[in-house]
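Here's the structure, in structure tokens; my notes come after.
Please treat every number below as a calculation from the coordinates, not as lab data. Given the structure is predicted, the values throughout are model-derived calculations rather than measurements. Quick reminder, even Gly has a Cβ in these numbers, built from the backbone with ideal geometry, and neighbours come from all protein chains shown.
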């Protein structure tokens, strides 16, 4: 159990830290990318509005308004930005035919490549390769401004790759630290758990002697005075306590992994039918019947433990079923044997893992009526998990279905 707790602690701790770091890094990278795109869009917008850079202004001749206030100046963008920007402008008519071009501010694009750029520039703005473009509708067609953002894109890509590398390295270091410190962090829990297991084991052993003495004295009293309800009550309570202590010791050993058992191949169908046969009389006394639908399935497991699991499931159903019929099915699903037991029960829809907790009872008022300890299903889950399987309980609102999966 401590190993599982440590593993869960490591996974949760690392998951939370990793999620926070990744969120921050992705946020920074995204902000960096959006900032780059925003700067490019701003320059594109200003280039479009800056008449002094329009080669078609005043018939293509240099304009007298070149010295007029520029939109760049109004926006607070450095004046040299308009001279350092690498871009080209294209105008088309309403049919998409190129009417004017200006490549004076760029040397890497040929006029023969225009069709490729224009065919990809379908939206109002976006990227075509390393160029950020803006497309504006004019009175007689469209104006395209393509801004070279290769330097900015390479810088952004380098930043993202570097942040990814450092993040990955950081996560490895964090994982190592969590792994090293998890044992120390869980030391108090482990100590408390060990004390609890030791207490259960010691208390169980200490109870054996007085229970044996009480049982023996009850037998002697019965011989001397004959049978009576008081002696029968003593004997019943001794049996219950003896069974409870055995199950607690068994669970404790299963939890700590010290319960050794041998596995062998056997017919689960035969085991199910034989165990169920032993519970038929108890079911009849309660006005219930057991219905079995099973396939011929064999598993490699400890037969005694599996028979005990079947018995506990049936015993639980006989005690708590709210219907006359207790259904049991066995079939093969892939590489697992699936044992299901269903009966009517007033439980909410969904899974009910709490039923497998020790001493848990859906209705505490039925404790004395049923005579159970609320520990049988805990044994079922422990045995199933010890064999590499699982145990679950699911309700559809009208009936409860216990499902035990065991590897073949």
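Measuring between their Cα centroids, the stretch 280-317 and the stretch 390-408 lie 14 Å from each other. Label separation (residue 180 vs residue 163): 2.9 nm, computed from points 7 Å beyond Cα along the C-beta direction. Sorting the segments 264-273, 90-99 by their mean number of nearby beta carbons within 10 angstrom, highest to lowest, gives 264-273, 90-99.
Maximal additional length on extending the residue 136-residue 348 stretch stands at 70.2 nm, based on 0.36 nm per residue less the C-alpha distance. Using r as the Cβ-Cβ distance of residue 243 and residue 295, and R0 as 41 Å, what FRET efficiency do you calculate, to the nearest 0.05? Given R0 = 41 Å and the Cβ-Cβ separation, E is 0.80. The alpha carbons of the stretch 209-316 give a radius of gyration and a Dmax of 18.4, 53 Å, in that order. Each of 387, 352, 205 was scored by other Cβ atoms within 10 Å of its Cβ. Listed from fewest to most, they are 205, 352, 387. Take the Cα of residue 214, step 7 Å toward its Cβ, do the same at residue 325, and the gap between the two points is 4.2 nm. Mean silhouette area of the stretch 187-256, derived from the convex hull of its C-alpha atoms and averaged over all directions, reads 5.0 nm².
Extension gain, residue 127-residue 236: 0.36 nm per intervening residue step, less the Cα-Cα distance, totals 30.9 nm.
The simple spin-label model puts a point 7 Å past each Cα toward its Cβ; for residue 16 and residue 266 those points are separated by 4.6 nm. Full extension of the chain segment joining residue 192 with residue 286 gains 29.6 nm, where the gain is 0.36 nm per residue of separation less the Cα-Cα distance.
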